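I have placed the structure first, in the form of structure tokens, so that the comments after it can refer back to it.
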Amino acid sequence: MEFGDLRGILQYVPQFRDKLFVINVDGSVVGSDNFSNVVLDLAVLYSLDVRFIIVHGADQQIKDLYAEKYGDELLVHSDEPTDPDLLEISIDAVSRVTNLIMKELTAVGLKVASADVIIARSCGVISGVDCLLDGVVEKVDKDSLSAFLESGMVPILTPICFNESGAGLVMDVDSLVFKVGECLGANKIIMLTEDPCIATSSGVEYSVSAAREVTKDQSELSDRVNLLLGKAAQACECGVERVHILNGLSDYAILAELFSNEGVGIMVHRDPYGQIRQAKSSDVSEILSITRGAVIGSELLPRHSADIFSSIEDYFVLEIDGNVVGTVAVHFCESLVELACLFVKRNHEGVGYGTRLVAHAEKIANARGADKIFALSTQATGFFEKLDWSEGNLEDLPIDRVDQLTMSGRNSNIYIKFLSKSEPRVSALD
């Protein structure tokens, strides 16, 4: 890890302090070899004063106990309701999982408690089928949960809950997690599943509307993840800031997701993720830092801090969780605008941030009455043709820019666009 990465990681610490996370851990994750790593990740969050609630499942353990007792395979997610025999097995399996979680978390210094804070009710009869001992959340005891959290305890909630008469009911864990998160207005809901979630090394982020669109096409996702995406979108609409769906069988999944801009799982967010704002003097060093590699590779012109300071009002940055990940400059010359210093960090390429920066630059240019925008690039051959930009020539440039280009010897290609609606995409430009 480079020290630059450490700087980015540390910026998250004050952002997460005293925030509330609701964390689901699938039973298969608890029973895996990777659970010890999950415990260490949770210990890190605890040491940073993050408040969190754990809601665990036990599907795998219930299946194993059922097979041990009856010799048959149990389809946990089938439409078959929970009968008294299955409830007895479920209580046994859930108790074992709860005890294991408490043991492991206590061993790394966390104070934990199994919390009876959910009032359940029977699901009743659905589509003519009596759901027997399956339950749904009737009420979340927010005051008791708050008391646990304020005392420094980590509450652990299980999928076995009780109705007002004390009868045990088996809950759908996913629904329980999201209900608790929504009732408490959690900052994050984190789902640690056994599903791979994504096929790339970096994470994927969706707005609420985008998540709903993805759920319509189930070909790329498992049924479980597809369902979680729908629940995540609903949770964000109910006030949860972000929902993270992670493969809990991967090392460092929680830390890699939360303490990096790119993440490793699926994130659904309520707010626009990544803010473009006017650059400030305090951003100059970061702009120089993230573009240094592009300058060395001759993708961007070298710029000195004094140059950026003197025209800071022309610069805009794209910021994610307080970290600058992209930049663009919009220089004005009469009725022309130059789009310059456009760059997105390497590990953030391919997710549309360059597109957003260019669109923002065009919006600024339009607002100020510019007729045409141009850009110079040595390494974007073929890029602008896809965006309805045209190849230009020296006559399209202001005279002073022609002189600078000639003296530089870079032989940059010239691209122009009469300002209109477009969706450009780029990584680095002069």
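Which pairs have Cβ atoms under 8 Å, sit 6 or more apart or on different chains, and link a residue in the range 155-174 that is under 17 Å from Ile53 (Cα atoms) to one that is part of a loop (DSSP other than H, G, I, E, B) and among the small types (Gly, Ala, Ser)?
Partner pairs satisfying both residue conditions: Pro155/Ala115; Ile156/Ala115; Leu157/Ala115; Thr158/Ala58; Pro159/Gly57; Pro159/Ala58; Val173/Gly57.
Any residue in the range 80-101 that is touching a residue at least 40 places away in the same chain (Cβ under 8 Å), crowded, with 16+ Cβ neighbours inside 10 Å, on the phi < 0 side of the Ramachandran plot and among the charged types (D, E, K, R)?
Looking for residues that are touching a residue at least 40 places away in the same chain (Cβ under 8 Å), crowded, with 16+ Cβ neighbours inside 10 Å, on the phi < 0 side of the Ramachandran plot and among the charged types (D, E, K, R), one finds none in the range 80-101, hence no.
Sort through Leu318, Leu342, Leu255, Leu300 and tell me the only one that's in contact with a helix residue (DSSP H, G or I) (Cβ under 8 Å, 6 or more places away or on another chain), part of a helix (DSSP H, G or I) and crowded, with 16+ Cβ neighbours inside 10 Å.
Leu255
Go over the candidates Gly71, Gly8 one by one and state the one that is at pLDDT below 95, assigned by TED's automatic domain parsing to the domain that holds Met191 and buried (at least 19 other Cβ atoms within 10 Å of the Cβ).
After applying the criteria, what remains is Gly8.
Please indicate, with yes or no, whether at least one residue in the range 199-211 is touching a Pro at 6+ places or on another chain (Cβ under 8 Å), outside the structural domain of Gly352 (by TED's automatic domain parsing) and either more than 26 Å from Ser146 (Cβ to Cβ) or not hydrophobic (A, V, I, L, M, F, W, C) (or both).
yes
Filter the range 273-305 down to the residues that are at pLDDT 90 or above and of a type in the set (Lys, Arg) and list them by number.
Passing the criteria: Arg277, Lys280.
Which residue is nearest to Lys142 (Cα to Cα), if the candidates are limited to the range 185-244 and must be more than 12 Å from the chain's Cα centre (by Cα) and of a type in the set (Asp, Glu)?
Glu237
Out of all the residues in the range 69-127, which are basic (Lys, Arg) and under 19 Å from Gly166 (Cβ atoms)?
Hit for the range 69-127 is Arg121, nothing else.
Does any residue of the range 273-286 turn out to be within 23 Å of Asn413 (Cα to Cα), without any contact (Cβ under 8 Å) to a residue 60 or more places away in the chain, surrounded by 15 or more Cβ atoms within 10 Å (Cβ to Cβ) and of a type outside the set (Lys, Arg)?
Within the range 273-286 (the criterion being within 23 Å of Asn413 (Cα to Cα), without any contact (Cβ under 8 Å) to a residue 60 or more places away in the chain, surrounded by 15 or more Cβ atoms within 10 Å (Cβ to Cβ) and of a type outside the set (Lys, Arg)), the answer is no, since none of the residues qualifies.
Please indicate, with yes or no, whether at least one residue in the range 107-117 is in a helix (DSSP H, G or I) and either within 16 Å of Ile54 (Cα to Cα) or of a type outside the set (S, T, N, Q) (or both).
Looking for residues that are in a helix (DSSP H, G or I) and either within 16 Å of Ile54 (Cα to Cα) or of a type outside the set (S, T, N, Q) (or both), one finds at least one in the range 107-117, hence yes.
Hey, which of the helices (runs of 4 or more DSSP H) in the range 140-224, taking only ones fully inside, have at least 2 residues that are acidic (Asp, Glu)?
Result: 142-150, 173-184.
Condition check: part of a helix (DSSP H, G or I), touching a residue at least 12 places away in the same chain (Cβ under 8 Å) and more than 18 Å from Lys19 (Cα to Cα). Does Ala233 satisfy that?
So Ala233 passes the test.
Residue check, Asn247 against (1) surrounded by fewer than 23 Cβ atoms within 10 Å (Cβ to Cβ); (2) at pLDDT 90 or above; (3) over 16 Å from Asp26 (Cα atoms), all met but one. Which one?
The single condition Asn247 does not satisfy is (3).
The values are calculated or read from the model by the stated rules, or taken from the named source; none is laboratory data. Because the structure is predicted, anything quoted here is derived from the model rather than measured. So basically every Cβ, Gly included, is an ideal-geometry build from the backbone, and we count neighbours across all protein chains shown.
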